[in-house]
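Student: I have a structure I would like to understand better, so I am pasting it below and will then ask my questions one at a time.
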Amino acid sequence: MPQLRALVLFLLFVVQAAPLPAQDGELQPLDLAVALRPDVWGQEGAYIEGRLQNTGENAWAVDELVARVYSADGALIGEAFGFLTGACGEALPADHVLRPSESAPFALQLDLFGVDELPPDAAIDVLPQADPRDLAPPRITQDLPGIRQVDSGEIVELEWVDARRLRYSSGCWRDVFTQRDWFEIDQPGGERVALPAHPRAAAVTEPLLQAISQGDPLLFRRSFFSFAPGRRRAFYRSAVNSLLTVEPNGSFPRVIVADIYNISLQGISWQGDSGVFIAWFHAGHGTAVSYAVGNSEGRRLSLHPSEAIPSRTVPGVSANGRGVVISATIDGVTGYFLKDSATNYAVPMFEAEAPGNHWPAPWFANSPAGRRIYIARPVEGQARLQCYNPDSETLHDLSQLPLQLAPDARSRMALSPDFTTLALAANGVNGGLWLIDLQRFAFCL
């Protein structure tokens, strides 16, 4: 494998330095790079990655992408085949249409014809195989009252810096935070600003990675490593699937959960700057969700995932980690429950059919006005934002939501520190980021 890694490094130089042949038509490949990634058999291979931009006035259905690698004298020395993908590299649906001014990532598996090295003047020609399509109506993006869309990308993580500034990332939800694109928006009314990197990306050093046995880039990329917002310590998944927290230099590791070989970690969410997080596990769309609550200091606050009542949706957690909002059927009642994280004692909130595990986790807020739980769920086929008051045991319906979640999409919410703005994010072909002004809606009494 060292030979392949050397070849990829060489190809990166070639793609960035050599002139790209002119592409015919309206579909233009951009940002070409070559990277190592697992193939369908789990083996490491070289892929040509980039984005395909529709620069014309027609809509196109891209059936396949072909790339050819040429030497300086025009000899064909390699080919690659692939498709348009989502941010995580999965193929887009066959009926996906690239509208004017839209773009989508692509990944093409590279096959070289008996060469170990490429000359510095080699070039890559990407050829889209596409058919024109009638212009379908654009997806609905207009703002709803009190709700403003600020991004249309695949948004996968939210982090409030303070009551005004929201930091967020786009990319693949499975990738570690250093592998994603980060932005910041100063609201209300501010424009988004692209960040060169997350402010704590520089703290991910080689000594740290060696200390936590994450020196393999592919292993680290899937580790869910992240620093607790506003805190010192960091969280990560180990090579043997244990969940730990560590000091910034990798010292003083503390195991939160071990013995989780038979379930797959799907995500982690920090509860603001409280240092409390919830990690969740499931086997795919439509399956039950297991979960663990812990804090950055290395203390598990919940039952082991195998012991806690599973949820149909990703659970929400209170800032102190003691309360968990789940959806389940308990004692013949199907709905949402407020559960003690350290036991299986659960109090029913309201009866309802829960959506799938791709919907946002409820956000549990302990505001000066009292406890509030914000829930996004479908009601009679329409995505709705609701607020449950645990003290008055009352459910309030607040607004329609702009969510259009495909089964393989994911969504999440995060509340601003002053409890006035709820950020809502989604990935997939209908992804985006919306800011919800909660002051525009009725009080959740």
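The values are calculated or read from the model by the stated rules, or taken from the named source; none is laboratory data. Small disclaimer: the values here were computed from a predicted structure and weren't measured. Methodologically, a virtual Cβ is constructed for each residue, glycine included, from the backbone with ideal geometry; neighbour enumeration extends over all protein chains shown. Note: accessible area is taken over every heavy atom of the protein model, side chains too, but ligands, DNA and RNA are not part of it. Shrake-Rupley method; radii C 1.70, N 1.55, O 1.52, S 1.80 Å.
Student: Does the stretch 317-368 come out rounded, prolate or oblate by the C-alpha gyration tensor, with a ≥ b ≥ c the root eigenvalues, rounded set by a/c under 1.5 and, if not, prolate when a/b is larger than b/c and oblate if not?
Tutor: oblate
Student: While we're here: Taking all protein chains together and a probe of 1.4 Å, list Ile124, Ile263 from the most accessible to the least accessible.
Tutor: The most accessible residue leads, giving Ile263, Ile124.
Student: Keeping all protein chains in the complex and leaving out DNA, RNA and ligands, what accessible area do you get for Tyr47 with a 1.4 Å probe, in Å² to the nearest 10?
Tutor: 20 Å²
Student: If I compute solvent accessible area with a 1.4 Å probe over the protein chains, what percent of it on the chain is carbon and sulfur?
Tutor: 52 percent
Student: Summing +1 for each Lys or Arg and -1 for each Asp or Glu, what net charge is found among the other residues whose Cβ lies under 13 Å from the Cβ of Ser238?
Tutor: +1
Student: Report the Cα centroid-to-centroid distance between the stretch 366-392 and the stretch 220-262 in angstrom, as an integer.
Tutor: 31 Å
Student: For the stretch 344-354, just list the computed ³J(HN,Hα) in residue order, Karplus coefficients 6.51, -1.76 and 1.60, θ = phi - 60°, integers in Hz, with x standing in for Gly and Pro.
Tutor: 9, 6, 10, 9, x, 9, 7, 7, 5, 7, 7
Student: Please give the net charge around Pro248, taking every other residue with its beta carbon less than 13 angstrom from that of Pro248, where Lys and Arg add +1 and Asp and Glu add -1.
Tutor: Taking every other residue near Pro248 into account, the sum is +3.
Student: With +1 on the Cβ of every Lys and Arg and -1 on the Cβ of every Asp and Glu, and nothing else charged, how large is the dipole of the chain about its Cα centre, in debye rounded to the nearest 20? Numbers along the way, then the final one.
Tutor: Values: 34 positive and 50 negative charges, 392 e Å.
Using only the charged Cβ atoms, the result is roughly 1880 debye.
Student: For the chain, just the Cα atoms, rotate onto the principal axes and tell me the three extents in Å, largest first.
Tutor: 77, 53, 41
Student: Enumerate the amide H contacts of Thr85 below 5 Å, restricted to partners 5 or more residues apart or on another chain; note that Pro and chain-start residues carry no placed amide H.
Tutor: Sorted by chain and number, the residues that satisfy this are Leu92, Phe106, Ala107.
Student: Which one, Thr421, Gln382, Ala406, is farthest towards the positive end of the dipole of the stretch 357-445 when Lys and Arg carry +1 and Asp and Glu -1 on their Cβ?
Tutor: Value computed over the given set: Ala406.
Student: Still on this structure: For Leu127, which sequence-distant residues (separation of 5 or more, or a different chain) have an amide H within less than 5 Å of its own amide H, given hydrogens modelled in the peptide plane?
Tutor: Val66, Ala67, Arg68
Student: Can you tell me which of 388-399, 423-434, 301-312 comes out highest on packing, and rank the rest after it, using the mean Cβ neighbours within 10 Å?
Tutor: Top of the packing list down: 423-434, 301-312, 388-399.
Student: In whole Å, what are the extents of the stretch 195-269 along the principal axes defined by its C-alpha atoms, from largest to smallest?
Tutor: Each principal axis gives a Cα extent; for the stretch 195-269 these are 37, 24, 24 Å.
Student: For the chain, set up a Gaussian network in which alpha carbons nearer than 10 Å are linked by springs, and say which option among Gly189, Gly323, Gly89 fluctuates the most.
Tutor: Gly189
Student: Could you go through the stretch 203-212 in sequence order and give the Karplus-derived ³J(HN,Hα) for each residue, using 6.51 cos²θ - 1.76 cosθ + 1.60 with θ = phi - 60°, rounded to whole Hz, and x for Gly and Pro?
Tutor: 6, 7, 9, 4, x, 4, 4, 5, 5, 9
Student: ³J(HN,Hα) across the stretch 301-307 via Karplus (A = 6.51, B = -1.76, C = 1.60, θ = phi - 60°), whole Hz, x for Gly/Pro?
Tutor: For the stretch 301-307, the Karplus-derived couplings read 9, 10, 5, 4, x, 6, 9 Hz, x marking Gly and Pro.
Student: Separate question: What is the distance, in nm, between label points placed 7 Å from the Cα along the Cα-to-Cβ direction at Arg192 and at Glu380?
Tutor: Going from the Arg192 label point to the Glu380 one covers 3.3 nm.
Student: Would you please state the base-10 log of I(q)/I(0) at q = 0.13, 0.17, 0.18 1/Å for the stretch 235-328, with intensities from the Debye formula using one equal scatterer on every alpha carbon?
Tutor: -0.40, -0.68, -0.76
Student: Probe of 1.4 angstrom, ligands and nucleic acids ignored: what's the accessible area per residue over the chain, in square angstrom?
Tutor: 46 Å²
Student: Can you compute the helix-only [θ] at 222 nm over the chain? Use -39500 (n - 2.57) per DSSP H run of at least 4 residues, normalise by all residues, nearest 500 deg cm²/dmol.
Tutor: Dividing the helical sum by the residues of the chain leaves -1500 deg cm²/dmol.
Student: Return one number: the angle in degrees, 0 to 90 and rounded to the nearest 10, between the long axis of the Cα atoms of helix 2-17 and the longest principal axis of the Cα atoms of the chain.
Tutor: Computed tilt is about 80 degrees.
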